Amino acid sequence: MKKAAIALCLVAILCLGANIAWAQNDVDAQIMQLKQQLDNLQKQIDDLQKAQSQKETSPAVQATISNVAKLKKIKVSGYVQARYESYNTPGGVADTGDNRAPDNRFYVRRGRFKITGQPTNNSIGVVQLDISGYDRTRVESKDLYLEYHPWGVGARAPFFLRMGQMNWPFGYVIERSSTAREVPERPKVFAGTTVNLPTTPFFNGLFPGERDKGICMFNTEGSKAEWAMGLFNGTGTKAGDPGASFLENGGRFEDNNTGKVLVGRIRYPFTDNFHWGTSLYSGTQAVRTVSNAPAAVMVEQTRWGTDFQYYLHDASIKGEYVTGKEPYYSNTTITPNGTSGTNRTVSGWYLTGVKNIGPKHQAVAQYDVLDDKAMATTFGKLTTWNLGFIRFLDDATRLKLFYEINNEEKNSVSNNGLRVEMITVF
Ligand SMILES: [Ca+2]
Ligand SMILES: [Ca+2]
């Protein structure tokens with residue numbers, strides 16, 4: 001029995017060993033099979049990757065990728081400001097048929113498009129053209145500048161640089177686009193004016209065209225004080241010849257003397273809803289003492305200004321004062337005798353109140369004053385009320401109704417008028 005048991009055990013052990021050997025063979029076969037499958041899969045992945053990389057490197061695909069990347073960095077925007085105006089015609093003024101006649105008309109005050117490109121993290125280029133400005137005989141260049149942000153666009157840093165043709169960094173209203181302003185035109189002391197009578201002096205404005213060519217440093221985003229300081233030609237974009245004034249030089253945009261003007265402003269939010277700023281402009285202008293003089297004399301040209309903005313829950317009050325020394329020009333419409341080549345004082349201010357009436361309406365009142373020494377004897381101070389109502393038709397379009405009351409201190413002229421405007425920003 002004992003022997004039999006031992007034999008049985010031996011048989012059992014042998015059988016078990018054989019089974020283990022068989023099982024081992026089976027696992028090896030499975031591993032081999034899996035390895036084969038893995039090799040096949042790896043080959044398929046390699047083939048796919050090869051095909052994919054061939055696709056990606058094809059010139060057409062590369063060009064498309066590059067174009068899409070470029071398009072992402074270019075932004076096109078613009079606005080159209082279409083109007084109907086009806087102004088009182090001063091007595092004795094014939095209908096001259098030009099588009100400045102003080103009559104009633106439809107016209108497009110501004111039709112602009114702007115291209116902003118940001119090719120890299122540090123550089124920006126801006127081109128803005130007006131194809132329907134006051135001088136409708138030509139397309140007018142507005143913004144033409146580049147920006148270099150040494151620390152990157154949008155980064156909080158000591159400053160960034162702008163060079164080219166840009167807004168003078170002076171005061172508040174000069175740098176506020178028509179898309180942001182409530183009153184259709186800037187106050188007279190900044191933008192200029194005429195009383196709408198022929199052969200009477202007109203005022204070019206202390207900042208005709210609101211722009212000049214130069215180089216300027218600006219604060220970056222995140223700075224509490226809003227500041228800018230730059231050097232400019234001083235002639236603006238609408239005068240280049242010595243003594244030539246607004247629109248009198250056929251659109252040549254050069255400097256008229258070697259001196260450059262220093263322009264700067266700083267604005268500080270004393271509280272969240274009260275901001276106060278001050279601005280400076282200092283330089284010279286070349287002026288001919290008589291219109292056919294072979295050489296010009298240098299006349300000091302200065303401006304100093306202060307502005308504030310006070311924001312309430314559903315209203316705002318904004319004001320600005322500016323005073324400056326401006327040369328008498330020899331070839332403005334009327335030359336004050338013996339004054340060309342000397343200075344006169346020009347000053348003015350405005351106060352604008354805006355009240356929101358619900359989410360879709362605003363009531364606006366603006367009072368502005370122009371005190372130009374050159375008009376002292378003819379009309380004295382010019383004051384204007386702009387009373388208006390704005391309806392937001394949608395997020396992009398506003399309908400504006402404004403009545404303008406123009407008062408002359410002396411020799412009153414009938415020149416009040418109605419403006420109906422639609423402006424769309426896109
Ligand atoms: Ca100059
Ligand atoms: Ca009047």
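The values are calculated or read from the model by the stated rules, or taken from the named source; none is laboratory data. What you see is a predicted model; the values in this text were computed from it and never measured. Quick reminder, even Gly has a Cβ in these numbers, built from the backbone with ideal geometry, and neighbours come from all protein chains shown.
Residues in segment 279-294 that are touching a strand residue (DSSP E or B) at 6+ places or on another chain (Cβ under 9 Å) and loosely packed, with under 15 Cβ neighbours inside 10 Å: 0 in all. The residue that is surrounded by the most Cβ atoms within 10 Å (Cβ to Cβ), counting only those in segment 184-212 that are at pLDDT 90 or above and touching a Leu at 6+ places or on another chain (Cβ under 7 Å), is VAL189.
For segment 384-426, the candidate set comprises residues that are among the basic types (Lys, Arg) and out of contact with any Asp or Glu (no Cβ under 9 Å at 6 or more places or on another chain); within that set, the residue that is farthest from ligand 1 (Cβ to nearest atom) is ARG391. Against the criterion of being among the basic types (Lys, Arg) and within 13 Å of ligand 2 (Cβ to nearest atom), LYS410 qualifies. Can you spot a residue in segment 237-245 that is more than 10 Å from ligand 1 (Cβ to nearest atom), surrounded by 19 or more Cβ atoms within 10 Å (Cβ to Cβ) and at pLDDT 70 or above? Yes: segment 237-245 contains one or more residues that are more than 10 Å from ligand 1 (Cβ to nearest atom), surrounded by 19 or more Cβ atoms within 10 Å (Cβ to Cβ) and at pLDDT 70 or above. What residue, of GLY171, GLY133, GLY164, is in a strand (DSSP E or B), in contact with a strand residue (DSSP E or B) (Cβ under 6 Å, 6 or more places away or on another chain) and of a type in the set (Gly, Ala, Ser)? Going through GLY171, GLY133, GLY164 in turn, the sole match is GLY164. Within the span defined as segment 332-355, every residue fails to be within 16 Å of ligand 2 (Cβ to nearest atom), farther than 24 Å from LEU312 by Cα and touching a residue at least 24 places away in the same chain (Cβ under 8 Å). Residues satisfying the criterion are present in segment 146-155 (criterion: surrounded by fewer than 17 Cβ atoms within 10 Å (Cβ to Cβ) and part of a strand (DSSP E or B)). Of all residues in segment 187-205, those being assigned to a loop (DSSP other than H, G, I, E, B) and either of a type in the set (Asp, Glu) or out of contact with any Ser or Thr (no Cβ under 9 Å at 6 or more places or on another chain) (or both) number 2. Only residues that are hydrophobic (A, V, I, L, M, F, W, C) and either in contact (Cβ under 8 Å) with a residue 60 or more places away in the chain or within 16 Å of ligand 2 (Cβ to nearest atom) (or both) were counted in segment 218-239, giving 2. Tell me yes or no: at least one residue of segment 218-231 is more than 16 Å from the chain's Cα centre (by Cα), buried (at least 19 other Cβ atoms within 10 Å of the Cβ) and either assigned to a strand (DSSP E or B) or hydroxyl-bearing (Ser, Thr, Tyr) (or both). Scanning segment 218-231, I find at least one residue that is more than 16 Å from the chain's Cα centre (by Cα), buried (at least 19 other Cβ atoms within 10 Å of the Cβ) and either assigned to a strand (DSSP E or B) or hydroxyl-bearing (Ser, Thr, Tyr) (or both), so the answer is yes.
Only one residue in GLY234, GLY305 is at pLDDT below 95, closer than 22 Å to ARG186 by Cα and surrounded by 22 or more Cβ atoms within 10 Å (Cβ to Cβ). Which one? Selected residue: GLY234, the only one of GLY234, GLY305 that is at pLDDT below 95, closer than 22 Å to ARG186 by Cα and surrounded by 22 or more Cβ atoms within 10 Å (Cβ to Cβ).
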